[in-house]
Amino acid sequence: MSKKILLEHVRVPGIETYEVYRSKGGYASVEKALKAQNPDELVEEVKKSGLRGRGGAGFPTGLKWSFIDKKSGKPRHLVCNADESEPGTFKDRFLMEYIPHLLIEGMITSSYALGANLSYIYIRGEYMWVYRILEKAINEAKAAGWLGKNIQGSGYDLELYVSCGAGAYICGEETALIESLEGKRGNPRIKPPFPAISGLWGNPTVVNNVETIAAVPWIINNGGDEYAKIGIGRSTGTKLISASGHIKKPGVYEIELGLPVDEFVNSDEYCGGMYSDRPMKAVVPGGSSVPILPTELFYKTANGEARLMSYESLSDGGFATGSMLGSGGFIVYDDTSCVVRNTWNFARFYHHESCGQCSPCREGTGWMEKVLWRIENGYGNMEDINLLWDIQRKIEGNTICPLGDAAAWPVAAAIRHFRAEFEYHILHPEKIKNRDHFVAEPWEKVKHLVAKEPSLV
């Protein structure tokens with residue numbers, strides 16, 4: 001049984017209430033922080049822990065905190081990014097819904113460490129019921145003296161508010177989130193300046209993911225060194241994984257980083273294996289924006305080593321043979337799945353969610369959607385595959401924010417690993433017009449119908 005840091009008490013009856021949460025040691029990190037440590041010591045503990053941002057980027061949290069401007073004298077802010085909109089990702093929603101006080105405690109402790117007196121939780125607009133849960137938890141915490149003026153007689157003041165987004169995926173990007181929080185259209189800002197220097201209302205601001213902030217109380221209570229002992233290498237601690245797709249036990253799991261992917265997929269403790277006797281075809285290990293991996297590259301790296309659930313192992317081989325841990329949106333596909341249709345579905349999403357600020361993303365996502373629709377519906381030609389490859393490479397790295405990259409990577413990986421499947425769609429349009437074409441005739445039975453074409457990559 002792996003160690004549980006975030007979800008240890010998640011199944012305790014009434015844990016969503018202040019009384020039960022407090023009885024399980026809740027808000028101990030706030031007490032410790034206010035009484036025994038100064039803010040700089042807290043930042044050092046988080047640095048020592050090796051905690052990395054759990055929203056997808058994996059940037060060291062303590063290092064990010066240390067960048068905040070303390071010299072200008074301007075008010076500082078902590079903003080929690082709860083705009084969880086990545087397809088395949090639902091772990092933040094789970095945490096906020098079932099154990100909201102853990103996030104509230106993390107916000108208070110982290111705000112104190114950063115010297116912030118006004119902090120926000122920016123939540124996805126579609127999570128309205130979770131918004132109400134958080135509001136209730138904040139009111140309970142305030143009534144108990146953990147928020148407001150002179151918290152627990154320490155002299156530290158903090159106000160915490162929940163702000164609801166309007167349903168835009170782009171607002172998951174930290175500067176677009178700040179723009180939205182200020183009441184403006186959620187367009188990403190050009191950086192520099194970075195939020196740590198000029199963020200919310202031009203003040204120094206740190207933006208962290210829900211899971212990241214929720215890990216802080218354990219680190220402060222137990223020490224950064226103890227947290228660093230969990231996991232493997234630079235992938236320290238535990239990680240929440242949103243598991244879905246063709247598995248027996250979809251859901252949210254807390255794993256110790258470094259767990260073999262084979263154990264995660266096939267053990268009874270986690271996903272329980274494939275939900276039928278159909279074999280695995282591919283996996284998206286970190287949410288829709290990361291490259292898809294075929295089964296043979298998912299279980300083993302290109303060097304033949306067992307793949308692990310860690311930042312380093314999942315990215316081993318770069319995008320040629322690896323992927324990313326990302327947000328932990330873990331999607332499993334069996335051989336009834338159509339990679340072309342899946343890629344088109346992702347492309348539709350990114351085209352719809354592009355803010356339109358950058359022309360490569362605004363135009364490129366639209367063209368990728370159109371070309372993929374053409375191939376998926378039996379109207380494609382071989383040049384379309386080359387066209388898709390050309391479009392995605394002209395988007396990647398040429399936009400203000402990472403949404404362009406997020407749109408390009410799934411397309412590139414699909415062509416890189418499943419080019420023959422694209423060719424099959426083009427050569428045999430009469431077969432793929434049946435939506436369930438791979439159910440009756442899985443890829444292994446029809447791949448011989450595809451003539452060998454020179455690969456792009």
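Give the residue, chosen from SER72, SER85, that is under 21 Å from the mean Cα position of the chain (by Cα), assigned to a loop (DSSP other than H, G, I, E, B) and at negative phi.
Exactly one of SER72, SER85 is under 21 Å from the mean Cα position of the chain (by Cα), assigned to a loop (DSSP other than H, G, I, E, B) and at negative phi, namely SER85.
State whether the residues of region 123-130 include one that is more than 19 Å from the chain's Cα centre (by Cα) and assigned to a helix (DSSP H, G or I).
The answer is yes; a qualifying residue exists.
Would you be able to tell me the number of residues in region 284-315 that are free of Cβ contacts under 8 Å to residues at least 24 places away in the same chain, in a strand (DSSP E or B) and either under 18 Å from ALA412 (Cα atoms) or under 21 Å from the mean Cα position of the chain (by Cα) (or both)?
Number satisfying all stated conditions: 0.
Go through region 190-229 and count every residue that is touching an Asp or Glu at 6+ places or on another chain (Cβ under 7 Å) and either outside the structural domain of TYR169 (by TED's automatic domain parsing) or of a type in the set (Lys, Arg) (or both).
Count: 0.
What number of residues within region 346-366 are closer than 27 Å to LYS281 by Cα, without any contact (Cβ under 8 Å) to a residue 60 or more places away in the chain and out of contact with any Leu (no Cβ under 9 Å at 6 or more places or on another chain)?
Selection size over region 346-366: 1.
So which residues in region 166-197 are surrounded by 22 or more Cβ atoms within 10 Å (Cβ to Cβ), outside any helix (DSSP H, G or I) and not charged (D, E, K, R)?
GLY186, PRO188, PRO195
Go through the residues of region 349-369 one by one and say whether even a single one is at pLDDT below 95, more than 28 Å from LEU6 (Cβ to Cβ) and not assigned by TED's automatic domain parsing to the domain that holds GLY397.
So far as region 349-369 goes, no, none of its residues is at pLDDT below 95, more than 28 Å from LEU6 (Cβ to Cβ) and not assigned by TED's automatic domain parsing to the domain that holds GLY397.
Out of region 21-38, which residues are in a helix (DSSP H, G or I), under 19 Å from TYR227 (Cα atoms) and not basic (Lys, Arg)?
Selection gives ALA28, SER29, VAL30, ALA33.
Considering region 216-229 alone, what residues qualify as being in contact (Cβ under 8 Å) with a residue 12 or more places away in the chain and either under 23 Å from ASP92 (Cα atoms) or part of a loop (DSSP other than H, G, I, E, B) (or both)?
Hits for region 216-229 are VAL216, PRO217, TRP218, ILE219, ILE220, ASN221, GLY223, GLY224, TYR227, ALA228.
Take the residues in region 387-427 that are under 22 Å from the mean Cα position of the chain (by Cα) and acidic (Asp, Glu); name whichever of them is nearest to ASN187 (Cα to Cα).
ASP405
Hey, could you check region 43-59 for residues that are touching a Phe, Trp or Tyr at 6+ places or on another chain (Cβ under 7 Å) and not in a loop (DSSP other than H, G, I, E, B) and say which is surrounded by the fewest Cβ atoms within 10 Å (Cβ to Cβ)?
Looking at residues that are touching a Phe, Trp or Tyr at 6+ places or on another chain (Cβ under 7 Å) and not in a loop (DSSP other than H, G, I, E, B), I get VAL43.
With the checklist (1) touching a residue at least 24 places away in the same chain (Cβ under 8 Å); (2) more than 30 Å from TYR350 (Cβ to Cβ); (3) touching a Phe, Trp or Tyr at 6+ places or on another chain (Cβ under 8 Å); (4) not acidic (Asp, Glu) in hand, flag the one item ASN150 doesn't pass.
Checking ASN150 against (1) touching a residue at least 24 places away in the same chain (Cβ under 8 Å); (2) more than 30 Å from TYR350 (Cβ to Cβ); (3) touching a Phe, Trp or Tyr at 6+ places or on another chain (Cβ under 8 Å); (4) not acidic (Asp, Glu), the one that fails is (1).
Those residues that are within 15 Å of SER110 (Cα to Cα) and more than 20 Å from the chain's Cα centre (by Cα), I need them from region 50-69; list them, please.
SER66, PHE67, ILE68
Filter region 252-267 for residues that are without any contact (Cβ under 8 Å) to a residue 12 or more places away in the chain and more than 10 Å from MET309 (Cα to Cα) and give the result.
ASN266, SER267 - these are the residues of region 252-267 that are without any contact (Cβ under 8 Å) to a residue 12 or more places away in the chain and more than 10 Å from MET309 (Cα to Cα).
Yes/no per residue for (1) in contact with a strand residue (DSSP E or B) (Cβ under 6 Å, 6 or more places away or on another chain); (2) of a type outside the set (S, T, N, Q); (3) closer than 24 Å to PRO192 by Cα:
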| position | (1), (2), (3) |
| --- | --- |
| VAL46 | no, yes, no |
| LEU51 | no, yes, no |
| PHE59 | no, yes, yes |
| LYS64 | no, yes, yes |
| GLY73 | no, yes, yes |
| GLU86 | yes, yes, no |
| LEU95 | no, yes, no |
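Residue-by-condition table, conditions (1) outside any strand (DSSP E or B); (2) crowded, with 22+ Cβ neighbours inside 10 Å:
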| site | (1), (2) |
| --- | --- |
| VAL206 | no, yes |
| GLU211 | yes, yes |
| ALA214 | yes, yes |
| LYS239 | no, yes |
| GLU263 | yes, no |
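The values are calculated or read from the model by the stated rules, or taken from the named source; none is laboratory data. Small disclaimer: the values here were computed from a predicted structure and weren't measured. Note that each Cβ is placed from the backbone with ideal geometry, even for glycine, and that neighbours are counted across all protein chains shown.
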